[in-house]
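Here is the structure we will look at, set down as structure tokens.
FYI, it's all coordinate maths here, none of it is from the lab. All values derive from a computational prediction rather than experimental measurement. Because the Cβ atoms are built from the backbone with ideal geometry, glycine has one as well, and the counts that use them run over all protein chains shown.
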Protein chains: 2
Amino acid sequence: MQELIFTDDPAAALGRLLRSRTGRVFMLADENTAAFAPSIAGCTPVVVPAGDDNKTLKSARIIWQAMVDGGATRLSTVVNFGGGMISDLGGFAAATFKRGISFINVPTTLLAAVDAAVGGKTGINFAGLKNEIGVFREADAVVISATYFSTLPRAELMSGYAEMVKHSLIADAAGYGRLIAVDPAAIPPSAMLELLRDSVEIKRRIVSADPSERGIRKALNLGHTVGHAFEEFALLKSCPLPHGAAVAHGLLAEMVIANLCLGFPSDELYRYAAWLQANYAPVRFTCDDYPQLLGLMAHDKKNASPDAINFTLLAAPADPRIDCTATLSDITAALDIFRDLLSC
Amino acid sequence: MQELIFTDDPAAALGRLLRSRTGRVFMLADENTAAFAPSIAGCTPVVVPAGDDNKTLKSARIIWQAMVDGGATRLSTVVNFGGGMISDLGGFAAATFKRGISFINVPTTLLAAVDAAVGGKTGINFAGLKNEIGVFREADAVVISATYFSTLPRAELMSGYAEMVKHSLIADAAGYGRLIAVDPAAIPPSAMLELLRDSVEIKRRIVSADPSERGIRKALNLGHTVGHAFEEFALLKSCPLPHGAAVAHGLLAEMVIANLCLGFPSDELYRYAAWLQANYAPVRFTCDDYPQLLGLMAHDKKNASPDAINFTLLAAPADPRIDCTATLSDITAALDIFRDLLSC
């Protein structure tokens with residue numbers, strides 16, 4: 001069973017976790033996070049270049065070679081200190097070293113804390129495809145602390161916050177109301193830690209019910225079918241959008257589809273649209289871009305048919321329905337309404 | 001649950017297995033086995049260079065790239081057609097593609113049929129270390145046929161037979177007696193298929209009780225602690241020994257240790273030594289080589305202490321004891337007796 005530790009003192013919590021272990025410890029960080037990684041006696045540092053572009057087999061080789069050179073055994077532990085790129089990459093390297101050794105995630109971004117660090121999805125990019133090579137394997141423990149987030153740029157903070165809003169939309173209607181009633185940047189660390197606890201617990205519960213995403217785990221894809229399309233579209237237009245902003249807009253677009261297909265309440269639509277507009281940079285597209293956006297949605301690896309697209313849709317906040325399909329004309333209608341709502 | 005199919009017509013059995021699948025099929029073979037791989041309509045062939053030296057990340061990349069280029073999805077299946085190198089490599093590539101897709105093993109050597117193809121150990125060599133990178137993941141199905149073994153050189157046949165003898169020594173005393181009473185090369189395919197069924201069933205039962213080798217699965221290491229030392233010693237002396245010959249001799253050496261430490265019956269020792277001498281090329285070493293051999297045994301990744309070595313030892317045929325330790329002086333005494341028994 002995975003240990004989730006919420007703490008104001010992550011270095012001390014990590015030290016306690018490692019004291020009971022007999023094997024060597026390898027501390028993985030990227031060029032940015034290495035500077036503030038906790039100092040653990042006798043631990044071997046491993047540093048890889050930062051950024052999703054470096055979530056590659058080449059970086060995995062650097063980690064494996066460092067483990068071989070450092071005398072890693074089956075009892076060794078890898079600590080992944082960084083954002084989601086580090087926990088995905090280091091988790092993959094650990095899960096495949098000697099057929100799997102322990103790893104501990106210490107997320108340094110809000111997005112990694114609520115998303116990548118928990119749930120057992122490890123992986124690297126390959127041949128230009130995201131997370132194409134990887135395995136499902138959970139970290140032994142995840143040490144979560146809001147202390148690392150104080151220096152995050154607002155756009156990065158909002159990226160993680162979008163995933164928290166998503167979790168509440170899936171399973172906690174009251175929590176959702178509270179999340180969109182406050183300014184995320186003004187939440188003190190102690191209150192943020194409590195919000196993280198609730199948010200991660202939702203994800204943990206869903207993942208433990210369906211670790212390999214055959215059923216209910218698909219609920220966690222809420223907002224992501226359209227969100228990923230927005231993210232890739234923006235990248236193709238050379239004005240990249242932070243992941244969280246793309247997902248936040250994807251949530252609205254999928255609420256509109258749910259409104260058309262499942263009767264998701266209109267007043268909830270307006271409430272969310274207002275919050276979205278106040279907090280995230282806009283997504284810019286016109287009706288001329290619809291075919292491209294629909295193409296990107298259809299390309300999602302969860303799709304079986306080319307004429308309809310798979311979604312997780314909300315009948316209401318905290319009432320998700322997996323394996324819904326919407327036709328291309330439903331989605332086109334939804335994109336019109338989406339643009340009206342945001343006046344874009 | 002893994003499907004084990006024992007058949008005289010492996011191509012037909014494979015065709016039946018694949019008919020019920022909707023995804024694309026990738027047929028992995030090496031340069032030697034590609035020529036006689038079953039022909040499956042619509043399947044994409046992937047060929048890698050033969051030999052354990054090519055069980056590398058480079059070969060894994062070839063497979064992953066072929067899957068990407070061939071439009072593999074989560075519903076795709078990899079068929080591993082070859083010896084243990086192919087099932088280890090192809091199993092690893094499949095187990096890590098999109099976090100794990102199905103694979104089917106079709107072993108073409110006796111050794112792969114009784115050993116590598118069943119049990120879920122996948123992996124590649126890295127930095128000169130065998131199976132350093134890999135995961136535990138079982139094939140969906142294994143299609144086992146003795147028809148592929150008719151052209152195997154005797155030394156290769158005997159390599160697999162040593163593992164069959166090992167299985168019977170772990171769990172089937174009567175079966176053990178039958179195995180060492182016949183000439184392996186003279187067993188007709190239909191009788192061999194029955195022997196394979198019994199042998200693989202022993203391995204399957206042990207693996208399913210302990211998939212990740214924390215307890216009883218260690219019984220399958222019988223003969224391998226000394227056997228691997230013999231194999232590496234022979235390689236260092238530039239007169240390589242087939243894996244099975246090394247294991248067959250390792251079984252005798254470990255029976256002698258068990259005789260000293262656990263009272264393994266002396267008459268069983270003589271019976272096995274006679275069979276060994278009649279069927280396998282000798283292992284050559286003198287008492288001057290003892291320190292090197294002990295060093296190689298101590299280097300085994302299952303060891304915790306440098307003064308004693310971990311073994312699975314037999315109290316009697318079909319009565320294995322895991323987590324035994326023998327001191328260096330016990331092992332030295334055993335190597336003396338081993339040489340006396342074989343007059344080497």
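Rounded to the nearest 5, the antiparallel percentage of DSSP beta bridges internal to the range A:3-152 is 10%. By the helix-only formula, in which each DSSP H run with n ≥ 4 contributes -39500 (n - 2.57) and the sum is divided by residues, the protein assembly as shown has a 222 nm mean residue ellipticity of -14500 deg cm²/dmol. Each DSSP beta bridge with both residues in chain B is either parallel or antiparallel, and the antiparallel ones are about 30%. Taking every Cα-Cα distance in the range B:234-335 and sorting them into 10 Å bins from zero, the calculated P(r) comes out as 14, 46, 37, 4 percent.
Karplus-based coupling profile of the range B:20-32, in residue order and whole Hz: 7, 9, 8, x, 5, 10, 10, 9, 8, 9, 9, 4, 7, with θ = phi - 60° in 6.51 cos²θ - 1.76 cosθ + 1.60 and x standing for Gly or Pro. Over the protein assembly as shown, what portion of Cα pair distances is larger than 50 Å, expressed as a whole percent? Cα-Cα pairs in the protein assembly as shown separated by more than 50 Å: 22 percent.
Cβ-to-Cβ counts within 10 Å put B:Ile337, B:Ile124 in ascending order as B:Ile337, B:Ile124, the fewest first. Per-peptide packing, taken as the mean over residues of other Cβ atoms within 10 Å, places A:33-41, B:21-29 in the sequence B:21-29, A:33-41 from highest down. Relative contact order, whole percent, for chain B stands at 14, derived from Cα pairs under 8 Å and 6 or more residues apart.
Relative to one another, the C-alpha centroids of the range A:235-265 and the range B:176-222 are positioned 56 Å apart. For the residue pairs B:Lys121/B:Lys203; A:Lys121/B:Lys55; A:Lys166/A:Lys237; B:Lys130/B:Lys218, alpha carbon separations beyond 24 Å are given by A:Lys121/B:Lys55; A:Lys166/A:Lys237.
Mean per-residue shielding of peptide A:130-140 is 3, counting Cβ atoms of other chains within 10 Å of each Cβ. Taking the longest Cα principal axis of chain A as reference, the axis of helix A:266-279 is set at about 50 degrees. The mean number of partner chain beta-carbon atoms within 10 angstrom of a residue's beta-carbon across peptide A:123-129 is 3. Apply the a/c threshold of 1.5 to the C-alpha gyration tensor of the range B:9-92 and tell me whether it is rounded, prolate or oblate. Verdict is oblate for the range B:9-92. Quick check: the angle from helix B:189-209's long axis to the longest principal axis of chain B, C-alpha only, nearest 10 degrees? Its long axis makes an angle of about 80 degrees. For the range B:155-344, the normalised intensity computed at q = 0.17 Å⁻¹ comes to -1.13 (log10 of I(q)/I(0), Debye sum over alpha carbons, equal scatterers, no solvent). Divided by 2.2 N^0.38 Å, where N counts the residues, the Cα radius of gyration of the range B:3-152 comes to 0.93.
Within the protein assembly as shown, antiparallel bridges make up roughly 35 percent of the DSSP beta bridges whose residues both belong there. Springs between alpha-carbon atoms under 10 Å, Gaussian network over chain B: tell me which of B:Glu201, B:Glu213, B:Glu231 tops the mean-square fluctuations. Judging by the Gaussian network model, the answer is B:Glu213.
Rounded to the nearest 10 degrees, the angle from helix B:328-342 to the longest Cα principal axis of chain B is 90 degrees.
All Cα-Cα distances of the range A:171-275, cut into 5 Å bins from zero to the largest, leave 2, 10, 15, 20, 22, 18, 10, 2 percent in each bin in turn.
The protection proxy used here, the mean number of other Cβ atoms lying within 10 Å of each residue, ranks peptides A:75-82, A:176-183 as follows, highest first: A:75-82, A:176-183.
Across peptide B:97-104, the average count of Cβ atoms from other chains found within 10 Å of a residue's Cβ is 4.
Here B:Pro211 yields copy-to-copy label distances, from shortest upward, of 0.7 nm, the label point defined as 7 Å from Cα along Cα to C-beta.
Evaluate chain B: find the radius of gyration of its Cα atoms, find its Kirkwood radius, and give the ratio Rg to Rh. Answer for chain B: 0.98.
Taking Cα centre as origin and charging only the Cβ of basic (Lys, Arg, +1) and acidic (Asp, Glu, -1) residues, the dipole magnitude of the range A:153-344 rounds to 400 debye.
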